[in-house]
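The values are calculated or read from the model by the stated rules, or taken from the named source; none is laboratory data. On a predicted model such as this, the values are computed, not experimentally measured, just so you know. In this analysis, Cβ positions are derived from the backbone assuming ideal geometry, glycine residues included, and neighbour counts consider all displayed protein chains. Protein only, heavy atoms only, side chains kept; ligands, DNA and RNA dropped before computing areas. Shrake-Rupley method; radii C 1.70, N 1.55, O 1.52, S 1.80 Å.
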Amino acid sequence: MPTASVTEEIETSELDQCLERLGLTDAKEFVLSNGFGESEKLAPENLPDKLDLEERLEGLTSELQDEKVLQLLLKLNEYEDLANGSFRTDFIDGFSNLSRAGFNSTRTFGPDSYDLREYQACKILVKNGDSFEVVDRLKRQREESKKTATIIAQASKEAPEENGTKKRTSKNSAKSAGATQKTEKSAISTSTSIPAKTEPTETREVESVKYRDPINQFGGLVPYQLRQAQSNFLAAVLHCVKLVELRRTIESLIEDIESFQRS
Amino acid sequence: MPPIYLTPSYILFHYLHTTTYLQPPTSPKMSANEAMAKRSLLAVIADEDSVTGLLLAGVGQVLNEPGKESNFLTVVPGKTTQEEVEQAFDRFTGERDDVAILLINQHIADLIRPRVDSYTNAFPAILEIPSKDHPYDPEKDSILKKVRRLFGE
């Protein structure tokens, strides 16, 4: 560590410039950090000289650059593995299954069969921090419809029990009061059962409008190869999103490295 | 209905009501986040088999809204012109605000290569995908070209 006498020999302006570059002009205690969590505390009397500061700065810069290059190489490896591996094979398998489906069917599956009526996309992207997440709205809709179906089934189970108790009370009251009360209670019981029957049909109508399975546009009975093609292309879409994220990361790393090289 | 007297206090109240309650303040940061949240679709410019496959995957959308009729263009060799491809590219990347990623076949991107290479916006992102007759070629991948240029090749 240079001594105080060495620092006194350096011109103040040069040291101040170095301190300004490092952001240490107003500090009472100096902490030199390398940007990777390692730091060392320096007392004012133990400040390194200008040359040492510049060397340390260059060292930090080169270490950061090496770290960026290493990250770039790792991301590049991941990108090439994905692009040359599962991304490529998903498309190949998808096209192959699509051709087989057309061969096994009486018609081809192409633009002539597209449903051009209004419909929403089943797969959308949702921003999750810095990355995209693929959301399957059709799957979500099916899960919600299952939940509503179970709720309605439970409600319909409870409703007959309530109607049964009401009928028993109505019978008791009719015995005590007269026949008119029985008819009124039975009318109430039938009216309570009607909404339970209409709700499932209403929810089914809503489901059919919102999101539809895109394979249905090619008919009700399709070759199983078409379903295989659907799963292949679905996997391909997920890999596409992953590739886009990797490309963004690689581009930002390239920009950082180029800025280091320019400086 | 009682008559409304246009007193200064009434005019001031009406002005404050319309300016503060009917026009809530928006910060640029909020609008950028809202703009990003709107970008949720995948658009496609590809040949018949690629579009069929991606529609099967569920990325297609058809609306009756002008300017957002569909988020895919089927390129038929001999029928679809280069201008139509360029118009679709400009529509999906510039005019529409609901597209997050544009998928385009690599061989179709070669038809409009200057336009694709000069595209620098962050969103929508562009990804070149393989087709049935033109499998993935790493030599034509733009990101790998950038890396080779960086390392001086």
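In region A:89-113, what count of residues is obtained for those that are surrounded by 14 or more Cβ atoms within 10 Å (Cβ to Cβ) and of a type in the set (Lys, Arg)? Residues that pass the stated criteria total 1.
So, of the residues in region B:95-153 that are open to solvent by less than 50 Å² (accessible area, probe 1.4 Å) and aromatic (Phe, Trp, Tyr), which turns out to be farthest from the other protein chains (Cβ to nearest Cβ)? Across region B:95-153, the extreme among qualifying residues is B:Tyr119.
Take the conditions (1) away from chain A (no Cβ under 11 Å); (2) open to solvent by 40 Å² or more (accessible area, probe 1.4 Å); (3) closer than 24 Å to A:Leu138 by Cα; B:Gly78 misses just one of them, which is (3).
Return the residues of region A:114-131 that are part of a strand (DSSP E or B), open to solvent by 30 Å² or more (accessible area, probe 1.4 Å) and in contact (Cβ under 8 Å) with a residue 24 or more places away in the chain; say none if nothing qualifies. Result: A:Tyr119, A:Ser131.
Looking only at region B:42-55, residues that are of a type outside the set (Asp, Glu) and either facing another protein chain (nearest Cβ under 9 Å) or part of a loop (DSSP other than H, G, I, E, B) (or both) come to 7 in all. The residues listed here are A:Tyr224, A:Tyr211; of these, the one that is in contact with a Leu (Cβ under 6 Å, 6 or more places away or on another chain), more than 7 Å from chain B (Cβ to nearest Cβ) and among the aromatic types (Phe, Trp, Tyr) is A:Tyr211.
For B:Tyr136, are the conditions met, namely being over 23 Å from the mean Cα position of the chain (by Cα) and among the hydroxyl-bearing types (Ser, Thr, Tyr)? When the stated conditions are applied, B:Tyr136 passes them. Taking the condition in contact with a Cys (Cβ under 6 Å, 6 or more places away or on another chain), at pLDDT below 95 and either open to solvent by less than 70 Å² (accessible area, probe 1.4 Å) or at the interface with chain A (Cβ under 9 Å from one of its Cβ atoms) (or both), does B:Gly58 pass? Here the answer is yes, as B:Gly58 does meet what is asked. If you go through region A:227-248 and pick out every residue that is within 7 Å of another protein chain (Cβ to nearest Cβ), of a type in the set (Lys, Arg) and over 20 Å from B:Ala43 (Cβ atoms), you end up with 0.
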